[in-house]
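FYI, it's all coordinate maths here, none of it is from the lab. On a predicted model such as this, the values are computed, not experimentally measured, just so you know. Please note: Cβ atoms are built from the backbone with ideal geometry, for glycine as well, and neighbour counts cover all protein chains shown.
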Amino acid sequence: MNIQEYISSGITESYVLGLASDEERREFEKICAQYPEVLQARIAFELALEKQALENAINPTTELKDRIFERIGSTGKIVPLQDTSIKNTQPGALLWLKYAAAACVVLLAGSLYMNITLSNKNKKLKGSYDNTLAELNEVKKDIRVLQQNPNIKMASMKGMDISPKSYATVYWDTASHDVYLLANNLPVPPNDKQYQLWALLDGKPIDLGMLNYDLKQKKLLVRMKNAQGAEAFAITLENKGGNPTPQGAMYVMGKL
Amino acid sequence: MNLNTTYSEQELVALLQQRNEKAFSYLYDNYSGALYGIVNAVVTDKEVANDVLQNVFINIWRKIESYDASKGRLFTWMLNIARNAAIDELRSKGYNNALKNISLPEINEIEGAVTGPAIDDVGLKKVLGKLKGELRVLVDMSYFQGFTHEEIARSLDIPLGTVKTRIRSALTQLRTMIQ
């Protein structure tokens, strides 16, 4: 056997660092006992490793020493078995804490993201809410004006079978003959259709005009054509531009 | 016994085998930092490293009878206890996942990227940083992560003989670096 070759094969380092296989270890130990050069090489590497490790020492916390001395006991007895289980659970528990801490960081990041998202959503909703509130206040003001007027009569128009949920209100000033329509709830008409308001007098429909506005976006209370007299009001869905007499389906109707 | 007491290695071992606490205290004061270094290189988490180091010293205290001076120096024996304890801790959590995640492209990436050690690498890991990419990976996998040569060969799809030769070659380079 060429000893120099064996020494420089890396087996010495592999043995010292604990990376050699059992077979390699046994062989190395045998050769070490036989050849002083191998032993010398081993010790030289061990000393170099030790020196290197001491130079790069990281000091653990000071209380660790106390913890260790507590564990080994003042009489120097071998630590009882149950300590082993404690020993084994501690790293687990700490690791659990580590994962928990990591989870907290993730949750915090997620929470911050949600905060920003929700804050943006909130701003949008606030804007939309403010607009709606302004519109509502305007309508309320109009209605109050109408209601404070002793000449105003009101007709609540209920939905017909074709659209039972539909609902609209007509305010009619008997003195000035002004007619205001509040479209409380009417389905959005198709593009080629429009709602038309009628006054009914002596069983005859009188045209009070078209609802020209977008039911969803615009002001809910609109002024219609004047009505000289009326017993009831109704809304039908007509072709765009309307008809002199109602042709389409009646959506709502109500008596004064 | 005054504070400046120093022991020869033989004295120290003899006293430890008699369960002499002063000798154990001396051992701790002189070697805990060096052993903590190796534990930290493996487990990286400080809290876990503390617990591992605690177990290392308890194991040293318990197993000192089994220390055989003919097989190596006391520090070598302790270093191996420390490394094994750290790797056991590493293996107990996500070991299999770690193995699955290693592939050859990763080696190529490392080979291209590594020009020096990362800032937080200390001790042996710092020395390791001076190795060429692939050798560094092999030493890291075997020494710091505790994979067997067979596992490394399988996961990197390299013949077992090649793994052994390359690790040996890396270790001889390490030797010249620390001497």
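In region A:152-255, one over the average inverse separation of all distinct C-alpha pairs is 13.3 Å, which is the Kirkwood hydrodynamic radius.
Computed on the Cα trace of chain A, the radius of gyration divided by the Kirkwood hydrodynamic radius gives Rg/Rh = 1.66. Kirkwood hydrodynamic radius, region B:33-78, all distinct C-alpha pairs: what's the number in Å? Answer for region B:33-78: a Kirkwood hydrodynamic radius of 11.3 Å. With chain A treated as a Gaussian network of Cα nodes joined by springs under 10 Å, which of A:151, A:115, A:56 yields the largest mean-square fluctuation? Of A:151, A:115, A:56, the Gaussian network model singles out A:56 as fluctuating most. Per residue of B:42-48, other chain Cβ atoms within 10 Å of the residue Cβ number 4 on average.
For region A:159-166, the Karplus equation 6.51 cos²θ - 1.76 cosθ + 1.60, evaluated at θ = phi - 60°, returns couplings of x, 7, 4, 5, 8, x, 7, 5 Hz by residue, with Gly and Pro reported as x. With neighbour counts taken as other beta-carbon atoms within 10 Å, the residues A:104, A:32 rank, fewest first, as A:104, A:32. Around the Cα centre of region A:148-256, unit charges on the Cβ atoms of Lys, Arg, Asp and Glu (plus for the first two, minus for the last two) sum to a dipole of about 280 debye.
Build a GNM of chain A with springs between Cα atoms under 10 Å apart, and of A:49, A:182, A:108 the one that fluctuates most is A:49. Please count, across region A:129-256, the pairs of lysine residues with Cα atoms under 12 Å apart that sit 8 or more places apart or on different chains. Step by step, the pairs that qualify in region A:129-256 add up to 4. Here region B:1-69 is treated with +1 on each Lys and Arg Cβ and -1 on each Asp and Glu Cβ, and its dipole about the Cα centre works out to around 100 debye. Once you have a ≥ b ≥ c as the square roots of the Cα gyration tensor eigenvalues for region B:1-57, tell me rounded if a/c is under 1.5, and otherwise prolate or oblate according to whether a/b is larger than b/c. It comes out prolate by the Cα gyration axes.
Over the whole of A:15-22, what's the average partner chain Cβ count within 10 Å per residue? Rounded to a whole number, please. Averaged over the peptide's residues, the number is 6.
Restricting things to Cα coordinates, could you compute the convex hull volume per residue of region A:3-58 in Å³?
Taking only Cα atoms, region A:3-58 has a hull volume of 75 Å³ per residue.
Could you size up the charge dipole of chain A around its Cα centre, putting +1 on the beta carbon of Lys and Arg and -1 on that of Asp and Glu, and report it in debye to the nearest 20? Approximately 1820 debye in magnitude.
Amide H contacts of residue A:157 (H built 1.01 Å from N, in plane; Pro and chain starts excluded): A:168, A:169, A:170 sit under 5 Å, all sequence-distant by 5 or more or on other chains.
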